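The values are calculated or read from the model by the stated rules, or taken from the named source; none is laboratory data. Computed from a prediction, not measured in an experiment: that's the story for all the values here. All Cβ positions, even for glycine, are placed from backbone atoms using ideal geometry, and neighbour counts span all protein chains on display. Surface accessibility is based on the protein's heavy atoms, side chains included, excluding ligands, DNA and RNA. Shrake-Rupley method; radii C 1.70, N 1.55, O 1.52, S 1.80 Å.
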Amino acid sequence: MRSIGELARASGLTVSALRFYDAAGVLVPAWVDPATGYRRYTDDQVAPARLVAGLRRVGMPVAEIAQAVRAEPAVVHRLLDTHLRRLEDGLADARREVSRIRSLLPTDQPPPVTRLILTGRELAAAVDAVRFAVGTDPDLPALAGVLLDVAADGVRLVATDRHRLAVSRADAVVHGPAVRALLPVAAVDELRRPLGEQDQGEVRLTLAGREVVADVAGQQLRATALPYDFPDYHALLPRSARRVPVDAEWLVTALRAGEPVVTREYAGETLPVTVLGLGARDALRVLGPDDFVGADPTELRVGVNRGYLLDALDAAGGPQLVLELDGPITPLAIRRPDDEGAFSILMPIRL
């Protein structure tokens, strides 16, 4: 058996770290001397200790390290994939925040320039996927546009009116730093118009400070970004939830044919609320009034604005969609199975 110092040298963990992971129940010694309290480890614990050391170096949370030590390799790979996505999201958030901070600093230097080259087809599809969610409330001018969130591998388009949020993504060749620009909705519509429904070849976007120039379909369009901070949409991005495949045509037909179970008053209007049910077999159904009599109390139910749901389904397109549900007060996500970068989120209505 090995002493704690020997295991520390063999694994790359410090003695204090081994004591911590013992107390946390992650890596418990095979034997502890009742008289001296000295910890002893077997040779079989060297490999788990090295795994712990590696996971610790990449910043994995202790609870997930504990799970990885006891799990099959396939589970560990899934934990690593999840953690890697978390790190990538954190790095992207940090880059966006650094970019925002730089924009607040006074400087005599010209603003950095970022150029994008993407296809007209992808840009048109990205605009169509989010346009329905642009806000129209004059008291919330920061929502009256579409956010262009440019990263190294492409651009995300984001729109929200507080009740729903839509995100789409387009691949692009990007030259320059990450940048964000909140385009007025009128400028977005002007940019979309010459694209039509056919492939219009390349679109070139140039962003410098608040100025945006687009070369599209032989035209040059200019716009000035809105001077507002767009809400941090990353906190609302869908995480792990039940993913339910849905036939889009069936769902649209069911929504239009059925009477709303409940209604809600908002801003002087009566809004129909669609209630989606999800039973033990993850079979989605649109509930009617009769479904509330003697209903299964374990069935997950989510209420959403019916008009908003129809808008989201229409914007998503495609015969097959995926709905992500996690609870009656958790946002409902609508995705296309062939494009993880495009989705919309609807705020639930309390039933």
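Structure summary
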{"item": "Out of Gly5, Gly59, Gly54, sole residue that is on the phi > 0 side of the Ramachandran plot and modelled with pLDDT of 90 or more", "result": "Gly59"}
{"item": "Residues located in region 90-124, provided they are under 30 Å from Pro61 (Cβ atoms) and touching a helix residue (DSSP H, G or I) at 6+ places or on another chain (Cβ under 7 Å)", "result": "Asp93"}
{"item": "Exclusive hit being assigned to a helix (DSSP H, G or I) and open to solvent by 10 Å² or more (accessible area, probe 1.4 Å), set Ala126, Ala94", "result": "Ala94"}
{"item": "Residue pairs meeting the criteria (Cβ under 6 Å; at least 6 apart or on separate chains; first touching a residue at least 60 places away in the same chain (Cβ under 8 Å), in region 111-130; second part of a helix (DSSP H, G or I))", "result": "Gly120/Leu195; Ala124/Leu195; Val127/Arg192; Ala129/Ala315"}
{"item": "Enumerated strands (runs of 3 or more DSSP E) restricted to region 144-239, each holding at least 1 residues that are free of Cβ contacts under 8 Å to residues at least 24 places away in the same chain and open to solvent by less than 10 Å² (accessible area, probe 1.4 Å)", "result": "211-216"}
{"item": "Output for region 2-27, where each listed residue is of a type in the set (Ser, Thr, Tyr), open to solvent by less than 50 Å² (accessible area, probe 1.4 Å) and either within 22 Å of Glu64 (Cβ to Cβ) or assigned to a helix (DSSP H, G or I) (or both)", "result": "Ser11, Tyr21"}
{"item": "Residue check for Arg86: under 24 Å from the mean Cα position of the chain (by Cα) and open to solvent by 70 Å² or more (accessible area, probe 1.4 Å)", "result": "yes"}
{"item": "Residue match in region 110-119 (condition: in a strand (DSSP E or B) and open to solvent by 90 Å² or more (accessible area, probe 1.4 Å))", "result": "yes"}
{"item": "Scope region 157-197; condition of a type in the set (Lys, Arg) and touching a Ser or Thr at 6+ places or on another chain (Cβ under 7 Å); matching residues", "result": "Arg164, Arg180"}
{"item": "Matching residues in region 28-39 - criterion: being under 45 Å from the mean Cα position of the chain (by Cα) and open to solvent by 30 Å² or more (accessible area, probe 1.4 Å)", "result": "Val28, Ala30, Arg39"}
{"item": "One residue from Gly288, Gly268, Gly277 being surrounded by 14 or more Cβ atoms within 10 Å (Cβ to Cβ), modelled with pLDDT of 75 or more and farther than 25 Å from Gly318 by Cβ", "result": "Gly288"}
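Let's see how each residue does on (1) touching a Gly at 6+ places or on another chain (Cβ under 9 Å); (2) at pLDDT below 80; (3) part of a helix (DSSP H, G or I); (4) among the small types (Gly, Ala, Ser):
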{"position": "Ala295", "(1), (2), (3), (4)": "yes, yes, no, yes"}
{"position": "Leu309", "(1), (2), (3), (4)": "no, no, yes, no"}
{"position": "Val322", "(1), (2), (3), (4)": "no, no, no, no"}
{"position": "Leu351", "(1), (2), (3), (4)": "yes, yes, no, no"}
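Residue by residue, here is whether (1) more than 30 Å from Glu340 (Cα to Cα); (2) free of Cβ contacts under 8 Å to residues at least 12 places away in the same chain holds:
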position: Ser3; (1), (2): yes, no
position: Gly12; (1), (2): yes, no
position: Val15; (1), (2): yes, yes
position: Val26; (1), (2): yes, no
position: Ala30; (1), (2): yes, no
position: Ala47; (1), (2): yes, yes
position: Pro73; (1), (2): no, yes
position: Arg86; (1), (2): no, yes
